[in-house]
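The values are calculated or read from the model by the stated rules, or taken from the named source; none is laboratory data. From a predicted model like this one, the values you see are computed outputs, not experimental measurements. All Cβ positions, even for glycine, are placed from backbone atoms using ideal geometry, and neighbour counts span all protein chains on display. Heavy atoms of the whole protein, side chains included, go into the accessibility calculation; ligands, DNA and RNA do not. Shrake-Rupley method; radii C 1.70, N 1.55, O 1.52, S 1.80 Å.
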Amino acid sequence: MQEFWIDVGGTFTDVLMRSPDGTITTFKTLSSGITKGSLATRLTGRRFCDPLRVGDPADFWQGYQFKLYDSTGKLIARSAIASFDVERGELELTDELPELLTTGATYELYGGEESPILSVRFLLGLPLDEPIPPVIVKLGTTRGTNALLTRSGARTAFVTTAGFGDILKIGNQDRPRLFDLNIQKPEPLFEQVAEINERMTVEGDVLISPQSETVRAQLEELKSKGIESVAICLMHAFANSSHEELIEKIARQVGFEEISRSSQLSPLIKIISRGDTTVVDAYLNPVLKDYVARLRSSLGDSRLQLMTSAGGLVNAAHFSGKDSILSGPAGGVVGFSEVGLQAGFTKSIGFDMGGTSTDVSRFEGTFEHEFETRKAGVRIVAPMLAIETVAAGGGSICDFDGVKLHVGPDSAGADPGPACYGAGGPLTVTDVNLYLGKILPRYFPFQLNLEIVEQKLQEICDRIAASPLGKIYTPEELATGFQQIANANMVRAIRNISVAKGYDPSEYALISFGGAGGQHACALARLLGMRDIVIHPTLES
């Protein structure tokens, strides 16, 4: 039985397949499930060739949806693949191509399936109309992390004891920046609050019992407002969970399917930490469950396991929001530590630069864990590997806000992707690296558009010149500036896990991986005084 190890990032999905005979095969695709290419040779009104498709599985692309874009990223045609000739890389469409179309346009193929399923199909050579046989899939995903960073989780309500509805907004009054006079607190993940008239003592003795009909009316009101998920966290529920269990039962009767209960998830005495963790779980669970359900539907009888933030694997049915925050990065920590040891380095720092973010961590013989931490401004109580995350990836958007240049935190993601992908995306770190020669287009899996990158750089140069700053930059100077900002952000993250904790990074080897890691590793090592860089050929695929 084939085994698949899959890392689903914000931009790319990377896959290793191990056959029963031990053979390892790799595959890389966009996390959107879209396959890109270029119309190299137009044969007829319906047929064209793309050398990138030569060697793909026979008849694989038949039935896939087809979109065609011009050099500016404008959609100019839609169709579907009628047939595919693998020997010549020839695709035949169900509809005619535009008459005035010249070669060199870019196209997209999409089969309506998630990127892990596309990967499994491609490596097994299975077209869309064939079911996937039983396989073993072990998957790490940044789906939860990205939903938290971009605030794209479920519409969530916080259900708590009467009088404590604002407790998570108040927090514990910590001040990470002691002298900041204008504190900008992150927006809460929940949008509605329901205060239940109930109370227990710290020993768990009941002082006030909740009235079922009143609770039902409160929950029905939340349902009518479009709330999708409920986070239940009552005072002293760690000592007695009966009231939370009653509310959960009524919530299910009302029609809520996504319910997170603090006494089950994190039965701790601290209500703020317990509440934050419960809200995160409720906020992310619907996103993750929908995603996992789509995977399981396509995989049939296959065994699906997912990586948790603590670095272990769990069955898909037990994968929860609070354990998903570092699902993808945790797999990287386990991988880079072993690579470092195999290369002879007992001390190593992992530098994982992906499409949306960069994750860094330190290894010195044992894994460093955290049990209460903040991610994306949210407090979480759950065991997880100690990983520092910064919003600086290949897809991080580079722009000028009228006062200064900035890189991230917004990302172009896999769709539309960076400007050079030719689908109308914004200027990103990937575009900057392409313009500065750090990306060689001939090794990229699809055609890159350098002209549009130069146009976007020039547009920003013109905006800076017209601003109060009035400075004149060339596109190359501007690209170099964006690159330096990205490097500074990533260096700061590495210093947070080393210098800030009393460790000298110059004593460690830098293990670089992730799709964009090799483009920045040398610059980071130079800035940090690190002498050794290790890039494993599989990790950098």
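Of the residues making up region 173-198, those that are open to solvent by less than 80 Å² (accessible area, probe 1.4 Å) and farther than 23 Å from Glu213 by Cα number 6. Does Ile464 satisfy the condition of being of a type outside the set (D, E, K, R), assigned to a helix (DSSP H, G or I), open to solvent by less than 70 Å² (accessible area, probe 1.4 Å) and in contact with a Lys or Arg (Cβ under 7 Å, 6 or more places away or on another chain)? Considered against the rule, which asks whether it is of a type outside the set (D, E, K, R), assigned to a helix (DSSP H, G or I), open to solvent by less than 70 Å² (accessible area, probe 1.4 Å) and in contact with a Lys or Arg (Cβ under 7 Å, 6 or more places away or on another chain), Ile464 comes out as yes.
Whenever a residue of region 43-54 is crowded, with 17+ Cβ neighbours inside 10 Å and modelled with pLDDT of 85 or more, its partners that are of a type in the set (Asp, Glu) and not in a helix (DSSP H, G or I), lying with C-beta atoms within less than 7 angstrom and at least six residues away or across chains, give the pairs Arg47/Glu90; Arg47/Glu92; Cys49/Glu90. Checked against (1) over 21 Å from the mean Cα position of the chain (by Cα); (2) of a type outside the set (A, V, I, L, M); (3) assigned to a loop (DSSP other than H, G, I, E, B), Gly417 passes all but condition (1).
Answer yes or no as to whether Gly424 is in contact (Cβ under 8 Å) with a residue 40 or more places away in the chain, at positive phi, open to solvent by less than 20 Å² (accessible area, probe 1.4 Å) and within 25 Å of the chain's Cα centre (by Cα). No, not satisfied. Restricting the first member to region 489-501 and to residues that are surrounded by fewer than 18 Cβ atoms within 10 Å (Cβ to Cβ), and the second to residues that are acidic (Asp, Glu), the beta-carbon pairs closer than 6 Å and six or more apart or on different chains are Asn496/Glu388. Listed by position, the strands (runs of 3 or more DSSP E) contained in region 67-123 that have at least 2 residues being of a type in the set (D, E, K, R) are 75-85, 90-93. Which of the residues that make up region 64-93 are open to solvent by 60 Å² or more (accessible area, probe 1.4 Å) and free of Cβ contacts under 8 Å to residues at least 40 places away in the same chain? Correct list: Leu75, Ile76, Arg78, Glu87, Arg88. Taken together, the residues in region 393-406 that are within 21 Å of Pro475 (Cβ to Cβ) and either of a type in the set (Lys, Arg) or open to solvent by less than 10 Å² (accessible area, probe 1.4 Å) (or both) amount to 5.
Taken together, the criteria place Leu168 among residues that are hydrophobic (A, V, I, L, M, F, W, C), more than 30 Å from Gln447 (Cβ to Cβ), part of a helix (DSSP H, G or I) and in contact (Cβ under 8 Å) with a residue 60 or more places away in the chain.
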